[in-house]
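Down below is the structure, laid out as structure tokens.
The values are calculated or read from the model by the stated rules, or taken from the named source; none is laboratory data. This structure is a prediction, so every number in the text was calculated from the model and none was measured. Because the Cβ atoms are built from the backbone with ideal geometry, glycine has one as well, and the counts that use them run over all protein chains shown.
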Amino acid sequence: MLTRFMKWLSIVTLLLGLTMRSSASFRIVLGMVVCVAALTVLAQAFRYGNYLWAAGFLLIAVLFNPVAPFTLSGSMFLLLDLACVATFALSLAALKTKPLLSVQGIIHPHRRSESL
């Protein structure tokens, strides 16, 4: 649930970043939100063994880190912003949280019923 919320928050923030490219204070907020969201999704991808997704979100976290930000030209930032929106949107469909198993599913693994 938290990961899904962070994905949506980063998509909205990145889309706002397209309209507020000139605001330096917004770029700091954008970097923090996207970096934290990318680290959250990275942890989810790593936990489920999707190492390619994890590497992609590690790259996004590094590019948007607020501690040592990269300076990019306006057109390069626009392309990076759009690529990150697409990546977060695709991850909504590709990286889904696996449902928890009920006690019955844990005790008897061949009966894989989902928890309520």
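Summary table
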{"item": "Residue count for segment 24-39, restricted to those that are under 9 Å from the mean Cα position of the chain (by Cα), surrounded by fewer than 20 Cβ atoms within 10 Å (Cβ to Cβ) and in contact (Cβ under 8 Å) with a residue 24 or more places away in the chain", "result": "1"}
{"item": "Counted residues, segment 16-73 - those being among the aliphatic types (A, V, I, L, M) and within 16 Å of residue 91 (Cα to Cα)", "result": "16"}
{"item": "Those residues of segment 40-56 which are closer than 20 Å to residue 8 by Cβ, more than 10 Å from the chain's Cα centre (by Cα) and part of a helix (DSSP H, G or I), in sequence order", "result": "47"}
{"item": "Selection within segment 37-49 - among the small types (Gly, Ala, Ser), within 11 Å of residue 61 (Cβ to Cβ) and in contact with a Phe, Trp or Tyr (Cβ under 8 Å, 6 or more places away or on another chain)", "result": "37, 38"}
{"item": "Test: residue in segment 26-36 that is within 15 Å of residue 71 (Cα to Cα), touching a Phe, Trp or Tyr at 6+ places or on another chain (Cβ under 7 Å) and at pLDDT below 80", "result": "no"}
{"item": "Matching residues in segment 57-116 - criterion: being surrounded by 14 or more Cβ atoms within 10 Å (Cβ to Cβ), in a loop (DSSP other than H, G, I, E, B) and at pLDDT below 65", "result": "102"}
